[in-house]
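Quick one: structure below, then a few questions.
The values are calculated or read from the model by the stated rules, or taken from the named source; none is laboratory data. Every value quoted in this text rests on a predicted model; they were computed, and no experiment measured them. Here the Cβ is made from the backbone with ideal geometry for all residues, glycine too, and neighbour counts use every protein chain on show.
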Amino acid sequence: MYIRVNPRDNVAIVVRPEGAAAGSELPGGIVARERIPQSHKVALRDFATGDPILRYGQAIGYANRPIPAGSWVREDLIDMPLPPSLDLLPLCTAVPSPLPPLTGYTFEGYRNSDGSVGTRNILGIATTVQCVAPTVEYAARRIKAELLPRFPNVDDVVAVTHSYGCGVAINAPGAAVPIRTLRHISLHANMAAQPLVVSLGCEKMQPALLFSNDFPVLESGAPEHVLDQGNVIRLQDHRGFAEMVGLIMEAAGKRLAVLDRRRRETCPASDLIVGLQCGGSDAFSGVTCNPAVGAAADLLVRAGATVMFSEVTEVRDAIHLLTPRAETPEIARALIREMQWYDDYLAGGRADRSANTTPGNKRGGLANIVEKALGSVAKAGSTAIRAVASHGEKVTAKGLVFAATPASDFICGTQQLASMNMHVFTTGEGTPYGLALVPVVKVSSRTALAEKWHDLIDMDAGTIATGHATVEQVGMDLFQLLLDVASGRKKTWAEHWGLGNALAPFNPGPVT
């Protein structure tokens, strides 16, 4: 059994977990000329040197030698094509018509004074510099052990620590990316947009820089009341470690008492801001989990929610399929702007988008970044692209939004945290990835992974490959699961185990 995604495809991926044995007959009378592992490609016809190899109806490369039908089409047999030219892209030529609104869907969330809506009720302790991270993490452990049990309506205590804040060119244009990312995370909806703040005192990213409107390259509107007395603890003002920790715990106790009085209330699904990401992808990702997430994304958009897809290098080779879906020429040009920025960024490091694919991606059947990108963009569903946000910017538009991020799992998740209150993460090879500030719903591309990692994977999309479910069915199940998790009726496995990867702000600026 194999899967051919598009009628134009001249390769297909093997479905059986044991792969296709040499000499076995495949559908269409193709005979495997060698053993072909699960999720890897089989040639459906003879290829001459230079022939295009088509998957998803698109050329993922060109044969660099003759390949007989029934052969295993491996990475070393394929020359990667050039990326789509950014100067010749179609703009707004196939803008999808709006889908019928989806009404009546709600979740139980926490309304915040700034208008945002949380899916969790968390005491967040924001930090301005990495130097204070161990102290804040120590204090957070004590707060969770000694104080949190007295406040049953508070979900968690999270130390928002990171690797930024000093030893950098703080006024360089690139510094705007980590600063605005950390500003928006510090004001996260799941922290009631009201953090405690711990500063060292001598760092370059002072609290006033992080939360005021004085830095010209940042968005306006930061709530300067965060800097009011009692909200900021500066460690260099105090005597000894015990006093520092005691002050953090004292402030935390007061804040916990306020958070404990909050209650969930019914909110429309339009208050969800869902970030989409993939990691540990395989050749099934673009057939099962990513299309299912795309179906759920369409449902969320129909319900009025915000859906963010990201990962520039995993969009770049499919950009010609996305600019036609942009709602306006300005949005299409913004997509192109983000692709060009990242092309230049990689070139400055003497790299290109081919550096993206990992050994695990290749083990899972992905020959190159082109094939990976074509499967990755399936997460974006089928609706019009309504907005583009640059690195670290807060997303405010409703509907489908491209939020520019690197493809690195940890950096992408960190940047999406600037906006999202829910996260969906698809995987083929598997990862225990999680984020402390938002629920992360993990969706597997293969049933074998869901069974192997039964206490890490929240939903199995592998049933699509075996014919036991459709993309639309799994998409609806995921949509319903997101509402349940957002409401606190269900926990993700990452929440159950307390898995939260460290924040990794993207810093394209100079380090001094």
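Take the conditions exposed (fewer than 14 other Cβ atoms within 10 Å of the Cβ), at negative phi, of a type in the set (Gly, Ala, Ser) and without any contact (Cβ under 8 Å) to a residue 60 or more places away in the chain and apply them to residue 113. Does it pass? Write out each step before concluding.
On the way: exposed (fewer than 14 other Cβ atoms within 10 Å of the Cβ): yes; at negative phi: yes; of a type in the set (Gly, Ala, Ser): yes; without any contact (Cβ under 8 Å) to a residue 60 or more places away in the chain: no.
No, not satisfied.
Looking for whichever is over 19 Å from residue 298 (Cβ atoms), touching a Cys at 6+ places or on another chain (Cβ under 6 Å) and modelled with pLDDT of 95 or more here; the options are 427, 405. Which one fits? Working first, answer last.
Numbers: 427 fails: touching a Cys at 6+ places or on another chain (Cβ under 6 Å).
Only one candidate qualifies: 405.
Mind listing just one residue for me: the one in segment 104-119 that is touching a strand residue (DSSP E or B) at 6+ places or on another chain (Cβ under 7 Å) and assigned to a loop (DSSP other than H, G, I, E, B) and, of those, nearest to residue 247 (Cα to Cα)?
Our first condition is that a residue be touching a strand residue (DSSP E or B) at 6+ places or on another chain (Cβ under 7 Å); within segment 104-119, this holds for 106-112, 117-119.
Then keep just the ones that are assigned to a loop (DSSP other than H, G, I, E, B); that gives 112, 119.
On the way: 112: 26, 119: 28 Å.
For segment 104-119, the residue satisfying everything is 112.
Here's a follow-up. Can you confirm whether segment 30-49 contains a residue that is in contact with a Pro (Cβ under 9 Å, 6 or more places away or on another chain), at pLDDT 95 or above and not in a loop (DSSP other than H, G, I, E, B)?
Among the residues of segment 30-49, at least one is in contact with a Pro (Cβ under 9 Å, 6 or more places away or on another chain), at pLDDT 95 or above and not in a loop (DSSP other than H, G, I, E, B), which makes the answer yes.
Scan segment 120-141 and give yes if some residue there is under 29 Å from residue 484 (Cβ atoms) and exposed (fewer than 14 other Cβ atoms within 10 Å of the Cβ), otherwise no.
No, that holds for no residue.
Is it true that residue 153 is more than 26 Å from the chain's Cα centre (by Cα) and modelled with pLDDT under 95?
So residue 153 fails the test.
Go through segment 24-69 residue by residue and tally those that are loosely packed, with under 14 Cβ neighbours inside 10 Å, touching a Lys or Arg at 6+ places or on another chain (Cβ under 8 Å) and over 23 Å from residue 353 (Cβ atoms).
The qualifying residues number 2.
Specify the residue that is surrounded by the most Cβ atoms within 10 Å (Cβ to Cβ); the eligible residues are those in segment 307-333 that are assigned to a helix (DSSP H, G or I) and among the polar types (S, T, N, Q).
So, considering only residues that are assigned to a helix (DSSP H, G or I) and among the polar types (S, T, N, Q), the one surrounded by the most Cβ atoms within 10 Å (Cβ to Cβ) is 313.
Continuing with this model, one more query. Quick one: would you say residue 120 is farther than 30 Å from residue 353 by Cβ and in contact (Cβ under 8 Å) with a residue 60 or more places away in the chain? Quick ask: steps written out before the conclusion?
Values: farther than 30 Å from residue 353 by Cβ: yes; in contact (Cβ under 8 Å) with a residue 60 or more places away in the chain: yes.
Spelling it out, residue 120 is indeed farther than 30 Å from residue 353 by Cβ and in contact (Cβ under 8 Å) with a residue 60 or more places away in the chain.
Each row is one residue, and each column tells you yes or no for (1) outside the structural domain of residue 238 (by TED's automatic domain parsing); (2) farther than 30 Å from residue 52 by Cβ; (3) of a type in the set (D, E, K, R); (4) in a strand (DSSP E or B).
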| position | (1), (2), (3), (4) |
| --- | --- |
| 86 | yes, no, no, no |
| 90 | yes, no, no, no |
| 95 | yes, no, no, no |
| 98 | yes, yes, no, no |
| 133 | no, yes, no, no |
| 140 | no, yes, no, no |
| 144 | no, yes, yes, no |
| 165 | no, yes, no, no |
| 185 | no, yes, no, no |
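Tell me the residue from 441, 474 that is assigned to a strand (DSSP E or B), aliphatic (A, V, I, L, M) and either within 28 Å of residue 193 (Cβ to Cβ) or in the same structural domain as residue 421 (by TED's automatic domain parsing) (or both), please.
None of the other options fit; the residue is 441.
For the structure I just gave you, tell me whether residue 159 is farther than 23 Å from residue 509 by Cβ and assigned by TED's automatic domain parsing to the domain that holds residue 241.
So residue 159 passes the test.
Related question: In segment 374-405, what residues are among the small types (Gly, Ala, Ser), over 14 Å from the mean Cα position of the chain (by Cα) and farther than 16 Å from residue 416 by Cα?
Selection gives 375, 381, 382, 384.
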